[in-house]
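Student: Quick one: the structure is below, and I'll ask about it shortly.
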Amino acid sequence: MKLLVTPRLILRPFAEADLDLFSTIVADSEVMRYVGKGKALTAEESRLRFERMLSDFVEHGFGLFAVIERKSRRLIGRCGLQYLDGTSEIEIGYLFEREAWGKGYATESAKEVLRHGFDDHAMERIVGVSYPENAPSRRVLEKIGLSYVGETIHHGVNCVKYEAFAKSEPEVRSAPISFARAMNAMFMK
């Protein structure tokens, strides 16, 4: 399985040895405030979430990576791609322990994950979902190049949605223009 490396981080698939630290991170109610239903996970819930992260790589070839700080070699969070629950859309998601907040790790890892999705997996579109009041998460989505789409409901919670397209997608999505209109536009200048 491929590793993703940034100047300060290593992103790798989770291993069984990561479960305890992952469980500690997602048991923090402040960390989970804007994730899913906004509640800390119990030991059983974190185990189920962990197993899903492991199986996503096997089933889909992509998933949520363990984010390791290169300097300390510690697991500090997760970042990656997954199917947005109940849809066929691919979502970028990230979550970090409190000690890692405010250091740019979410932006650094999410930028690499977005590149990975488009370049290594030939994904055409990737979305991001955030609670409207989660300004730091929304800034990350904007910094890595996602554009605001509008409001949506996710896990029964009002959210905002962002999207990014592969580099070739905007030309595909643009409205066709007739030859005559194109010629008129060139000569009307």
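Student: What FRET efficiency would be calculated for the residue pair residue 157, residue 124, taking the C-beta separation as r and a Förster radius of 25 Å, to the nearest 0.05? Walk me through the numbers on the way to the answer.
Tutor: Details: r = 27 Å, r/R0 = 1.07.
Rounded to the nearest 0.05, the efficiency is 0.40.
Student: So, R0 is 35 Å and r is the distance between the beta-carbons of residue 20 and residue 167; what FRET efficiency does that work out to, to 0.05?
Tutor: Using R0 = 35 Å, I get an efficiency of 0.30.
Student: Once you have the Kirkwood Rh of the chain from its Cα pairs, apply Stokes-Einstein at 25 °C and 0.890 mPa s and quote D in µm²/s.
Tutor: Translational D for this selection: 138 µm²/s.
Student: Provide, for q = 0.14 Å⁻¹, the log10 of I(q)/I(0) from a solvent-free Debye sum over equal Cα point scatterers in region 68-154.
Tutor: Relative scattering, expressed as log10 I(q)/I(0), comes to -0.50.
Student: Now, a different point. How long is the gain from residue 27 to residue 51 if the chain were fully straight, where each residue apart is worth 0.36 nm and the alpha carbon distance is subtracted?
Tutor: 7.0 nm
Student: Determine the equivalent ellipsoid of region 17-99 by diagonalising the alpha-carbon gyration tensor, then write out the semi-axes as square roots of 5 times the eigenvalues, largest first, rounded to whole Å.
Tutor: Here the semi-axes work out to 19, 16, 12 Å.
Student: Something else about it: To the nearest 20 Debye, how big is the dipole of the chain about its Cα centre, given +1 on the beta carbon of each Lys and Arg and -1 on that of each Asp and Glu?
Tutor: Dipole about the Cα centre, nearest 20: 720 debye.
Student: Report for the chain the percent antiparallel among DSSP-assigned beta bridges with both residues inside it, nearest 5.
Tutor: About 95 percent, rounded to the nearest 5.
Student: Right, here's the next one. Please report, as a whole percent, how much of the solvent-accessible surface of the chain comes from carbon and sulfur atoms (probe radius 1.4 Å).
Tutor: Carbon and sulfur together cover 54 percent of it.
Student: Right, something else. Could you state how much accessible area residue 95 has, in square angstrom rounded to the nearest 10, with a 1.4 Å probe and all protein chains kept in place?
Tutor: 10
Student: Give me the extension gain from residue 83 to residue 98: residue separation times 0.36 nm, minus the current Cα-Cα distance, reported in nm with one decimal.
Tutor: So the extension gain works out to 2.9 nm.
Student: While we're on this one: Taking Cα pairs under 8 Å and at least six residues apart, what relative contact order does the chain come out at, in percent? Kindly include the intermediate steps, with their values, before the conclusion.
Tutor: Values: 289 pairs, mean separation 29.9, N = 189.
The normalised contact order for the chain reaches 16 percent.
Student: Which value in nm describes the separation of the simple spin-label points at residue 74 and residue 10, placed 7 Å from the Cα toward the beta carbon?
Tutor: Going by the 7 Å Cα→Cβ label model, 1.6 nm.
Student: Determine the distance separating the Cα centre of region 25-86 from the Cα centre of region 99-139; give it in Å without decimals.
Tutor: 14
Student: Taking the mean number of other Cβ atoms within 10 Å as a proxy for protection, how do you rank 65-73, 42-50, 108-116 from highest to lowest? Provide the component values of the computation, followed by the final result.
Tutor: Details: 65-73: 17.0, 42-50: 14.4, 108-116: 20.8.
Per-residue Cβ counts within 10 Å, averaged per peptide and sorted highest first, yield 108-116, 65-73, 42-50.
Student: For region 1-142, what does the accessible surface come to per residue with a 1.4 Å probe? Please give it in Å².
Tutor: Per-residue value: 50 Å².
Student: To continue, here is another question. At a probe radius of 1.4 Å, what is the per-residue accessible area of residue 59, in Å² to the nearest 10?
Tutor: Result for residue 59: roughly 130 Å² accessible.
Student: Another question, then. Tell me what the chain gives for mean residue ellipticity at 222 nm when only DSSP H runs of n ≥ 4 count, each as -39,500 (n - 2.57), the sum divided by the residue total, rounded to 500 deg cm²/dmol.
Tutor: -9500 deg cm²/dmol
Student: Hey, another quick one. Please go through the residue pairs 37/71; 39/103; 2/143; 71/143 and name each one whose alpha carbons sit more than 28 Å apart in this structure.
Tutor: Over 28 Å Cα-Cα: 37/71.
Student: Each label point is 7 Å from the Cα along the Cα-to-Cβ direction; what then is the distance between the points at residue 59 and residue 147, in nm?
Tutor: In this crude spin-label approximation the distance works out to 3.2 nm.
The values are calculated or read from the model by the stated rules, or taken from the named source; none is laboratory data. If you're wondering where the values come from, they're calculated on a predicted model, not measured in any experiment. Note that we place each Cβ from the backbone using ideal geometry, even for glycine, and neighbour counts take in every protein chain shown. The accessibility values were calculated without ligands, DNA or RNA, using every heavy atom of the protein model including side chains. Shrake-Rupley method; radii C 1.70, N 1.55, O 1.52, S 1.80 Å.
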